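Some notes on the structure that comes next.
The values are calculated or read from the model by the stated rules, or taken from the named source; none is laboratory data. For clarity, every value in this text was computed on a predicted model and none was experimentally measured. No Cβ is skipped: glycine too gets one built from the backbone with ideal geometry, and neighbour counts run over all protein chains shown. Areas reflect the complete protein model, heavy atoms only, side chains present, ligands, DNA and RNA absent. Shrake-Rupley method; radii C 1.70, N 1.55, O 1.52, S 1.80 Å.
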Amino acid sequence: QVQLVESGGGSVRPGGSLRLSCAASGNIFSIVAMGWYRQAPGKQRELVAAQPTVGRTNYADSVRGRFTISRDNAKHTVYLQMNSLKPEDTAVYYCNVKLIYSEYWGQGTQVTVSS
């Protein structure tokens with residue numbers, strides 16, 4: 001089993017910044033990718049950013065240039081630095097870790113952008 005612990009969500013005004021963290025622990029072997037998804041009320045869960053162990057980092061068009069994903073492989077931790085936040089970024093953000101034969105989700109952390 002793999003456990004994911006997220007932190008860093010909260011409320012911020014438009015234009016503000018937040019940093020999300022997700023630490024993975026447990027039976028972690030051969031991480032294929034780590035990333036972040038989000039789900040706003042009434043909408044489907046969508047990819048925000050994903051960083052494969054090999055290959056290019058992917059960003060949703062709506063966040064490219066504002067959000068930055070990074071990984072600390074020694075700590076099995078993935079981060080999401082979110083700058084210039086907009087009200088439409090309001091959602092529950094989920095950490096995702098893909099292994100060779102399975103994937104795991106964090107419990108979700110709320111991000112609210114409002115004036």
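Results, tabulated for the structure shown:
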| quantity | calculated |
| --- | --- |
| Positive-end extreme of charge dipole, the chain - chosen from Trp36, Pro52, Ser115 (charges on Cβ) | Ser115 |
| The chain - convex hull of alpha carbons, volume per residue in Å³ | 94 Å³ |
| Vicinal HN-Hα couplings computed from phi for the stretch 106-111 (Karplus, 6.51 cos²θ - 1.76 cosθ + 1.60; Hz; Gly/Pro x) | x, 7, x, 9, 7, 10 |
| Relative contact order computed over the stretch 73-112 (Cα-Cα under 8 Å; 6+ residues apart), in percent | 37 percent |
| Å² per residue, accessible surface of the stretch 46-115 at 1.4 Å | 54 Å² |
| Dipole magnitude of the chain about its Cα centre (Cβ charges: Lys, Arg +1; Asp, Glu -1), debye to nearest 20 | 180 debye |
| Glu88 paired with Leu47, simple spin-label distance in nm, labels 7 Å along Cα-to-beta-carbon | 1.9 nm |
| 26 Å Cα-Cα reach of Lys43 towards lysines, excluding residues that sit fewer than 8 places from it in its own chain | Lys86, Lys98 |
| Rounded accessible area of Ser115 (nearest 10 Å², 1.4 Å probe) | 120 Å² |
| By accessible area with a 1.4 Å probe, ligands and nucleic acids excluded, highest first: order of Arg13, Arg45, Arg38, Arg56 | Arg56, Arg13, Arg45, Arg38 |
| Residues whose placed amide H lies under 5 Å from that of Gly16, excluding near-sequence neighbours | Leu85 |
| Ratio Rg/Rh, restricted to the stretch 6-67 and using Cα atoms, in which Rh is the Kirkwood radius | 0.99 |
| Size descriptor, Kirkwood hydrodynamic radius, that averages inverse alpha-carbon separations across the stretch 55-115, Å | 13.3 Å |
| Carbon + sulfur, % of accessible area of the chain - ligands and nucleic acids excluded, 1.4 Å | 49 percent |
| Per-residue HN-Hα couplings for the stretch 21-34 [Karplus 6.51, -1.76, 1.60; θ = phi - 60°; Hz; x = Gly/Pro] | 10, 9, 9, 9, 8, x, 7, 9, 9, 6, 5, 8, 7, 10 |
| Distance (nanometres) between label positions extended 7 Å along Cα→Cβ at Gln110 and Arg56 | 3.7 nm |
| Phi to ³J(HN,Hα) by Karplus 6.51 cos²θ - 1.76 cosθ + 1.60 over the stretch 61-73, Hz, x for Gly, Pro | 4, 5, 10, 4, x, 10, 10, 9, 9, 8, 10, 10, 5 |
| Full-stretch length increase - Ala74, Ile100 - with 0.36 nm per residue and alpha-carbon distance subtracted | 7.5 nm |
